[in-house]
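Undergrad: What follows is a single structure, and I will ask about it in a moment.
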Amino acid sequence: MPERSGRRRGRPLSQAAAWSLRIGLFVFCAFPLYWMLVSSLKASHELLASPPTLLPREWELRAYWKLFYETNFWTYFQNTIIVSALTTVIVIVAGVIGAYSLTRYTFPGRTFIARVTLLAYMFPPIIMLVPLFLLAREFGLTNSLLGLALTYISFALPYALWILRAFFQAIPVELEQAALIDGANRAQALAFVVMPLALPGIIATAIFTFIVSWNDFLFALVLIGKDELKTLAIGINEFFHMAVVDWGLIMAAGVMVTIPALLFFVAIQRYLIAGWGAGGLKG
Amino acid sequence: MSVRADTLVLAPGQAGRRRRQAWIGIGLLLPAAALVLAFTIFPVAYNVWLGFYAKHSLRATSAWVGFGNYTQILGDPDFWRSTYLATVYAIASTAIQIVAGVAGALILHQRFPGCDFLRGVALFPYMIPTVIAVFVWRWLMNDLYGVIPYALSALHIPGLPEAWLTHGTIMFVLIVLSVWTFFPFVLVNVLARLQTIPPELYDAARVDGASAIRQFVHITVPQLRNVLLIVLLLRGIWMFTKFDVPWLLGFGGGAGEAIRTLPVFTYQRSFTYYQAGMGAALSNVMFALLLMVVTIYFVAFPSEEEDNSA
Amino acid sequence: MWDTEPNPATRAAVKAIVDDFQKQHKDIEVRAEGMGWGDMDRKLQAAMAAKSPPTASHTQTYVVTSFRAKGLIEPVDDVVKAIGEDKIFPSVLQWIKYPDGKYWGITHAWGTDMLGGRGDYLAGTGVNPQGWKTWDDWLRDLPKLNKAPQYYALSLSGIPFFMNEDVYMWTGSNGGSLFDDKGNPTLDSPQVLGMLEFWKKLKPSMPAGWASHDYLETLSAWATGKTAQVLMWGRTAGYIDQYAPPEKRNPDVFQIWPKTVGPMGKAPLTQFDNEPWVIYADAPADEKAACREFLKFFFKPENYRKYCNSVPVHLNSIFKADFQDSSYMGFPERKRWKPWLDAQVKWVESGRAHPLLVCNPQDRLIPWIGDVAAAPILADMASAVVERGKDPRAAAKEANEKIQRDIIAKNK
């Protein structure tokens, strides 16, 4: 269904139904976030109050203070941004080019190659741990953010290829043909005709890839030993293993890990809308 | 009635150009494919090889057992139970994730005040680190401090369990928690696809007098089909092989024995029983099971190769 | 060097010691990493598979047995002698000395498990914990301490590792053992079956969701008053400081109550945590030598004191004299929680604090004891009986078979 503008007259009942669905979705997704936020602002002895309190009786920023001044959180944050950005950019580039190749060129074995990339997904990542570590050591990729990025890229690429392929398949070939007849070369056709129309799919790929590298714990644990290179996931995991686990600190870390990424994605929502009509061809 | 999407015929009879196209095609795909295969082939081969040995995870020595690991696995009732649990978990959580994700995408496909914000919030469950997500849910469902049991009992709903995280109901909690965490993946992909459906299709249908439901069934669903099938396949595979969520919720024992899915069982053999060879064999069995399912999927849905646009 | 104390205070202490050491030994670089046990296990497995273990790491006592049997570690007699063999608690040394007379690890710090109880919940109940001698005494008084749902009498952890602890501590307190002298499991013995029956009787006094509670939840429950009793270790003091109301943070409220014996036992048994540093044989020779120098430096009084002070009531010093030393005992945390320290020292001196799964002292020499400790077989047996009503004899027999088939057969 196309996007309807808010000015459309809706019958009151269906408007009420629509709004209750929207609110339901909001509560379902946001309630645990609310709980995290509120817990990070509670005094420690109120965190485990029984019956539980929905609003702090005493508000304090102690957990955030501790997070930024007593832990290496900021370093971990920077490392994770670097790895995630690197991974996402490379996956988008390689994924777009690869998916374009899979849909617009014929060559022997292309279906086979596409399907074989799914192989890696069929083992639980935890089992891949030891062989991946051995592989990384062979190529000198341990204790490097680049090595970590390569691992994430190899994990996200199959998904990127599959999803982008589906999006490219939905774009009629005639649009590119028109552009080529007008004198554009392949690369320009890809960049100016296909990509804008597939932008939502590219954004979806970017979201998935970013989250994979933002949140991964297992491979970062095994590949990174040096403290100054650790990522957020490892840092947060360590909070669970301290002599005295500070639940408030963990909640504060959870908030700080999610909110920035969340704000970023809210900001790019407007780009999820495709620029349809750019081609000018009748359906 | 249009040209196959996979062939851009530039001029008739240009066989040489065709061949060059093929090489360009392969060349463009090569870096991506090479990287993925490098990080895939070696671990897969390593696991297949290791499955034929009995190897202690911390000692260097290993002993050849051939198919010994596999015969033991197939005769172990705990293995079958874990496979059963993993199947239940995968099917239930994937199905509900798909339904919730499509529903969420339909809700978010409209413009209304706050829709940008809600789209960000809907992504939130997928975005937080798994360990924190599971931990928060454990806290919310805790029998001593949990807000949800407290609220439910305040509403005087009959028949509630005394504690949710016991062997009888922990699988239910696991499924709800998994749906919450992963349905945004479905939502994002479906929403993205919804937004590339040409509005003209709906305009034409409305002019013809089609109701919203008919529009959904005859326009939306066929357009979504390819993306939905991919999402279904990937989520199914990922939920079946998911280790960290059932592990962090149940710790592999106590009440968690009721959610000792195959990945958890495999992990325990490898890392807590210290039997790396057995762990590798188990993951090979998991792989074989998934391969069968995926093969059936490709036989049932071969048309992802065909052009599907109007 | 990999250790299992990732908290900031200990990291700072270790860093200070490392910095001092490197000043004196300019040609040696020490990289000390702290991490949780589960993570240590995974990293160690990956490292061993790549034949590049760390130079040294913390490990559990029972793991020393199997590592030693496979030639993976080296003895540390030189370190122990340099530190002063006679200065260390004998019951610490007994668990790291092997029949060949050598020391195969050096304990970094020790602690014992204790039964903690809320003194403020005794008022009006007529319960006198100090009078408890047997399980029957305890079971008789548990209902008096149970005011569900406001608070429960006892909170146990439902994680396999901690359930295994309860299995062997109570079996040992019931005069039994988990293994015979050949290392075969004896779970269908009367003492173990008696332990399972006993555990069933505890259930009405525990929260309904106990089987999903992890260890730290039980500590928080005790600190916030949701449970009257808990099985705990020294670092609980930190939890109390963090989560209990300010006026209650003292050992008058948070007391140590006695452990009791079963009908077939003579003396209660508790768990002894004395994780040793071990040095890996596969590390380069010069690194191993440097590591030994570092360990000797680490245990020098001025350095070791910093380490122990980072988690004061939990990381107890291996040196007997420290417990008579006013500068050690005068440390604020230790002074405040003195009854807890006294209780632990009493256990260590009584000789009834044993490492995990070791009911009879010679059990620690069983090659597969470490595998059984990490596996969920014992925990499955207990939860089948307590939570799902399985017949104890049947559950015990099944567990015996699983240990034989899945662990012992693989170890031969």
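The values are calculated or read from the model by the stated rules, or taken from the named source; none is laboratory data. Owing to the predicted nature of the structure, the values given are computational and were not obtained by experimental measurement. Please note: Cβ atoms are built from the backbone with ideal geometry, for glycine as well, and neighbour counts cover all protein chains shown.
Undergrad: Checking the structure you have, find out if any residue of segment A:61-72 is under 24 Å from the mean Cα position of the chain (by Cα) and either among the small types (Gly, Ala, Ser) or within 7 Å of another protein chain (Cβ to nearest Cβ) (or both).
TA: Within segment A:61-72, none of the residues are under 24 Å from the mean Cα position of the chain (by Cα) and either among the small types (Gly, Ala, Ser) or within 7 Å of another protein chain (Cβ to nearest Cβ) (or both).
Undergrad: Need at least 1 residues that are under 16 Å from the mean Cα position of the chain (by Cα) per element, so show me which helices (runs of 4 or more DSSP H) inside segment C:319-382 make the cut, counting only ones lying wholly within it.
TA: C:338-350, C:369-374
Undergrad: Same structure again: Among the numbered conditions (1) more than 14 Å from chain C (Cβ to nearest Cβ); (2) touching a strand residue (DSSP E or B) at 6+ places or on another chain (Cβ under 8 Å), tell me where A:Gly225 comes up short.
TA: Checking A:Gly225 against (1) more than 14 Å from chain C (Cβ to nearest Cβ); (2) touching a strand residue (DSSP E or B) at 6+ places or on another chain (Cβ under 8 Å), the one that fails is (1).
Undergrad: Restricting to segment C:167-215, count the residues that are part of a helix (DSSP H, G or I), buried (at least 18 other Cβ atoms within 10 Å of the Cβ) and away from chain B (no Cβ under 11 Å).
TA: Final tally of qualifying residues: 17.
Undergrad: Go through the residues of segment C:57-64 one by one and say whether even a single one is touching a helix residue (DSSP H, G or I) at 6+ places or on another chain (Cβ under 6 Å) and under 30 Å from B:His56 (Cα atoms).
TA: yes
Undergrad: Spot the failing condition for C:Gly124; the list is (1) in a helix (DSSP H, G or I); (2) without any contact (Cβ under 8 Å) to a residue 24 or more places away in the chain, and only one is missed.
TA: (1)
Undergrad: May I pose another question? Across segment B:43-91, which residue is farthest from B:Val173 (Cα to Cα) among those that are part of a loop (DSSP other than H, G, I, E, B) and in contact (Cβ under 8 Å) with a residue 60 or more places away in the chain?
TA: For segment B:43-91, the residue satisfying everything is B:Val65.
Undergrad: OK, next. Is it the case, given these coordinates, that A:Leu67 is in contact with a helix residue (DSSP H, G or I) (Cβ under 6 Å, 6 or more places away or on another chain), under 30 Å from C:Pro149 (Cβ atoms) and buried (at least 21 other Cβ atoms within 10 Å of the Cβ)?
TA: Here the answer is no, as A:Leu67 does not meet what is asked.
One line per residue, one yes/no per condition, for (1) of a type in the set (Lys, Arg); (2) assigned to a helix (DSSP H, G or I); (3) in contact with a strand residue (DSSP E or B) (Cβ under 6 Å, 6 or more places away or on another chain); (4) within 16 Å of C:Asp120 (Cα to Cα):
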site: C:Thr218; (1), (2), (3), (4): no, yes, yes, no
site: C:Gln229; (1), (2), (3), (4): no, no, yes, yes
site: C:Gly234; (1), (2), (3), (4): no, no, yes, no
site: C:Glu247; (1), (2), (3), (4): no, yes, no, yes
site: C:Pro251; (1), (2), (3), (4): no, no, no, yes
site: C:Lys259; (1), (2), (3), (4): yes, no, yes, no
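Undergrad: Out of the residues in segment C:1-40 meeting the condition of being within 23 Å of A:Leu223 (Cβ to Cβ) and acidic (Asp, Glu), tell me which one is surrounded by the fewest Cβ atoms within 10 Å (Cβ to Cβ).
TA: C:Glu29
Undergrad: Checking the conditions here, which among B:Ser153, B:Ser178 is of a type outside the set (Phe, Trp, Tyr), modelled with pLDDT under 90, within 30 Å of B:Gly254 (Cβ to Cβ) and in a helix (DSSP H, G or I)?
TA: B:Ser153
Undergrad: Moving on to the next point. Identify the residue in segment A:235-264 that is part of a loop (DSSP other than H, G, I, E, B) and among the β-branched types (Val, Ile, Thr) and, among all such residues, is farthest from A:Leu33 (Cα to Cα).
TA: Per the stated criteria, the residue is A:Val244.
Undergrad: Checking C:Leu357 against (1) surrounded by fewer than 22 Cβ atoms within 10 Å (Cβ to Cβ); (2) in contact (Cβ under 8 Å) with a residue 12 or more places away in the chain, which single condition isn't satisfied?
TA: Only one criterion in (1) surrounded by fewer than 22 Cβ atoms within 10 Å (Cβ to Cβ); (2) in contact (Cβ under 8 Å) with a residue 12 or more places away in the chain is unmet by C:Leu357, namely (1).
Undergrad: Only one of these is modelled with pLDDT under 90 and more than 9 Å from chain B (Cβ to nearest Cβ): A:Arg104, A:Arg110, A:Arg8. Name it.
TA: Result of the check over A:Arg104, A:Arg110, A:Arg8: A:Arg8.
So that you can scan it fast, the table gives a plain yes or no per residue for (1) within 10 Å of chain C (Cβ to nearest Cβ); (2) modelled with pLDDT of 90 or more:
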| residue | (1), (2) |
| --- | --- |
| B:Phe251 | yes, yes |
| B:Thr261 | no, yes |
| B:Thr266 | no, yes |
| B:Ser270 | yes, no |
| B:Ala276 | yes, no |
| B:Leu290 | no, yes |
| B:Phe301 | no, no |
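Undergrad: Count, please, the residues in segment B:122-139 that happen to be under 11 Å from B:Leu165 (Cβ atoms) and not aromatic (Phe, Trp, Tyr).
TA: Matching residues across segment B:122-139 total 1.
Undergrad: Yes or no: segment B:151-160 includes at least one residue that is within 14 Å of chain C (Cβ to nearest Cβ) and of a type in the set (S, T, N, Q).
TA: Yes, some residue in segment B:151-160 is within 14 Å of chain C (Cβ to nearest Cβ) and of a type in the set (S, T, N, Q).
Undergrad: Another question, then. Select from segment B:164-188 the residues that are surrounded by fewer than 24 Cβ atoms within 10 Å (Cβ to Cβ), within 14 Å of chain C (Cβ to nearest Cβ) and in contact (Cβ under 8 Å) with a residue 24 or more places away in the chain and list them in ascending order.
TA: Passing the criteria: B:Thr166, B:His167, B:Gly168, B:Met171, B:Val173.
Undergrad: Considering (1) more than 30 Å from B:Leu108 (Cβ to Cβ); (2) modelled with pLDDT of 80 or more; (3) among the small types (Gly, Ala, Ser), say which one A:Ser14 fails and leave the rest.
TA: In the conditions (1) more than 30 Å from B:Leu108 (Cβ to Cβ); (2) modelled with pLDDT of 80 or more; (3) among the small types (Gly, Ala, Ser), A:Ser14 misses (1) alone.
Undergrad: Scanning for something in contact (Cβ under 8 Å) with a residue 24 or more places away in the chain, part of a loop (DSSP other than H, G, I, E, B) and either more than 23 Å from the chain's Cα centre (by Cα) or on the phi < 0 side of the Ramachandran plot (or both), does segment C:133-147 turn up at least one residue?
TA: yes
Undergrad: C:Asp406 is checked against (1) outside any loop (DSSP other than H, G, I, E, B); (2) of a type outside the set (Val, Ile, Thr); (3) in contact with a helix residue (DSSP H, G or I) (Cβ under 6 Å, 6 or more places away or on another chain) and fails just one. What number does that condition carry?
TA: (3)
Undergrad: Filtering segment A:103-127 down to residues that are more than 13 Å from B:Val36 (Cβ to Cβ) and among the aliphatic types (A, V, I, L, M), which residue is surrounded by the most Cβ atoms within 10 Å (Cβ to Cβ)?
TA: A:Ile127
Undergrad: Let me ask another. Could you list, in sequence order, all residues of segment A:141-192 that are closer than 30 Å to A:Asp227 by Cβ, of a type in the set (S, T, N, Q) and in contact (Cβ under 8 Å) with a residue 40 or more places away in the chain?
TA: A:Thr142, A:Asn143, A:Ser144, A:Thr151
Undergrad: I want to confirm something. Restricting to segment C:283-311 and keeping residues that are within 14 Å of another protein chain (Cβ to nearest Cβ) and polar (S, T, N, Q), which single residue is farthest from C:Ala47 (Cα to Cα)?
TA: Checked segment C:283-311; the qualifying residue farthest from C:Ala47 (Cα to Cα) is C:Asn309.
Undergrad: Look at segment C:67-90 and say how many of its residues are touching a Leu at 6+ places or on another chain (Cβ under 8 Å), within 30 Å of C:Lys410 (Cβ to Cβ) and not in a loop (DSSP other than H, G, I, E, B).
TA: Adding up the residues that qualify gives 1.
Undergrad: For A:Trp214, state whether it is within 12 Å of chain C (Cβ to nearest Cβ) and of a type in the set (Phe, Trp, Tyr).
TA: For A:Trp214, the condition - within 12 Å of chain C (Cβ to nearest Cβ) and of a type in the set (Phe, Trp, Tyr) - is not met.
Undergrad: While we're looking at this one, here's another question. Check segment B:122-131 and report whether any residue there is within 21 Å of the chain's Cα centre (by Cα), surrounded by fewer than 22 Cβ atoms within 10 Å (Cβ to Cβ), within 8 Å of chain A (Cβ to nearest Cβ) and farther than 30 Å from A:Ile234 by Cα.
TA: no
Undergrad: Continuing with the same structure: Quick one: is A:Phe219 within 14 Å of chain C (Cβ to nearest Cβ), in a helix (DSSP H, G or I) and either touching a Cys at 6+ places or on another chain (Cβ under 8 Å) or of a type in the set (Phe, Trp, Tyr) (or both)?
TA: yes
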